[in-house]
Amino acid sequence: MQIPSHLIDKQTWEKVLYFIALNDIPPPYLLVNKDVVINKIKQIGKGVEGSKVYYAVKANPDIEILKLLAEMDIGFEIASEGELELLKSLSVGPERIISSNPIKTFKFLISARDYGVRYFAYDSYSEVDKIARYVPNSLVYVRLSVSNEGSEWPLSKKFGVEIDEAANLLEYARDKGLLPVGLTFHVGSQCNNAYNWHMAIEKSRELWDLARQRGIDLKVLNIGGGYPIRYTKDVVGIESIEKRISQSIRQKFPEGVEVFIEPGRAVVGDAGVFVSTVIGKAKRGNEDWLYIDVGVFNGLMESIGGIKYSYVVGSRNPVKRWTIAGPSCDSFDVIDKEVELPEPDIGNRILILSSGAYTISYASEFNGFSIPKTIVI
Ligand SMILES: *Cc1c(COP(=O)(O)O)cnc(C)c1O
């Protein structure tokens, strides 16, 4: 196979081919290059003064990956008792854990309290009541709604409040005995628009000032996740995004501020490659269909929300335009359309690049197809 060098780094490509050549493991499985994960962690936050990184566990909670990250000097962002259990099993201390899910379950709040987790996001009055009751004296930060324009996986509708409401919520938290320490936002996942962070930071400053007028001094600016990775085309690099963020922070917060960053996709996404098999081909009307053993339900869920992956096959046949579908009987299980690929044979391997984030963590055993194993290489 020829290296698609514009889509994958050379070292990951070589490791993947080497692994496939030396191991007779039946696909599908997900290979994750640990060197990419380590390098990403080293890079993220480097360009933002006073920042701390909290890996968003939901992107990929594989225990080997978490173990790797636990050995590094970073924290973790979680939303459930299940994610907490994973971190506990690796002896990650509670001071390294925060939760930015604005609506938490009772069970999670209780387990977080028992373990000693102290930082929680919220964006409603009822959540303040819940946190005050289950985890009194918590440090809380309010989720501000910001533009998600230009992000491929927008999150803005489900959570976040406007500035006035946010200020009221900070006051309400204080009145209920919690410690309002800051604010958070999420510009949308796979955000290719560096300007979003600038606008969000500008908006954060407004809330900061309003809170101060009401006697609340904030100190934590949690800028969430959203850093993009390369799927089918180049994206803004982490370095230039952070340059932009850091400029905005210096301009808007000259007094200095504690910055939290919660990357998920950018840490593990392009470290991963699915190794899958071509299991069927069919002509339906004018369309050529290709069926593979990883689909929407057992790994490629994000494809129905608009994420387009890159595929590689070893074939030298003429290129055709394919509709690619997964193995289940459900008509939702269509991963992509109009994908140009040389025609593979049945039984050939097909690689799916940049598939380390939001794949296995979304996967189910729907229709009896097992969830692909993750192998860290
Ligand atoms: C999912 C999530 C993240 C990670 O987002 P990415 O786009 O994967 O970097 C960070 N913070 C919160 C609160 C999230 O829900």
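The numbers here are math on the coordinates, done by the rules we state, and not lab data. Keep in mind that this is a model prediction, so the values were computed, not measured. For neighbour counting, all protein chains shown are included, and Cβ atoms are generated from backbone atoms with ideal geometry for every residue, glycine included.
Full extension of the segment from VAL319 to GLU202, taken as 0.36 nm per residue of separation minus the current Cα-Cα distance, would add 37.3 nm.
Legend: calculated FRET efficiency, GLU149 to LEU22, from the Cβ-Cβ distance at R0 = 30 Å, rounded to 0.05, equals 0.10.
How high is the FRET efficiency from ASP175 to CYS329, r the C-beta distance, R0 45 Å, rounded to 0.05? The partial results should precede the final answer.
Values: r = 54 Å, r/R0 = 1.21.
For ASP175 and CYS329, the calculated efficiency is 0.25.
A dipole drawn for the range 36-165 from +1 and -1 charges on Cβ atoms has a positive end, and of SER126, ASN101, LEU86 the residue lying farthest that way is LEU86. Rounded to the nearest 20 debye, the dipole size of the range 80-197 about its Cα centre is 380 debye, using +1 on the Cβ of Lys and Arg and -1 on the Cβ of Asp and Glu. Under the simplified labelling scheme, the LYS42-TYR362 pair shows an inter-label distance of 3.1 nm, with each label point 7 Å from Cα along Cα→Cβ.
Is the shape of the range 105-177 rounded, prolate or oblate, going by the alpha carbon gyration tensor and its root eigenvalues a ≥ b ≥ c, with a/c under 1.5 for rounded and a/b larger than b/c for prolate? Provide the component values of the computation, followed by the final result.
On the way: a/c = 2.76, a/b = 1.52, b/c = 1.81.
Judged from the Cα gyration tensor, the range 105-177 comes out oblate (a/c at least 1.5, b/c at or above a/b).
Note on the chain: dipole from Cβ charges, positive end direction compared against PRO26, PRO342, THR374; the farthest Cα belongs to THR374. On the beta carbon distance between TRP289 and GLU64, with R0 = 45 Å, the FRET formula returns roughly 0.80.
Here the range 173-264 is assigned +1 on the Cβ of each Lys and Arg and -1 on the Cβ of each Asp and Glu. Its dipole about the Cα centre then comes out at about 100 debye.
If you take every DSSP beta bridge whose two residues both sit in the range 101-212, what share of them, in percent to the nearest 5, is antiparallel?
Numbers: 2 of 12 bridges.
Of the beta bridges lying entirely in the range 101-212, close to 15 percent run antiparallel.
Summarising the strand pairing of the chain, around 40 percent of its internal DSSP beta bridges are antiparallel.
Label separation (ASP164 vs ILE110): 3.9 nm, computed from points 7 Å beyond Cα along the C-beta direction.
Summarising the label geometry, the points placed 7 Å from Cα in the beta-carbon direction at LYS281 and VAL236 lie 4.2 nm from one another. Note on the range 209-315: antiparallel DSSP beta bridges, both residues inside, total approximately 65 percent of the bridges counted.
Its relative contact order, with pairs defined as Cα atoms under 8 Å and 6+ residues apart, puts the chain at 20 percent.
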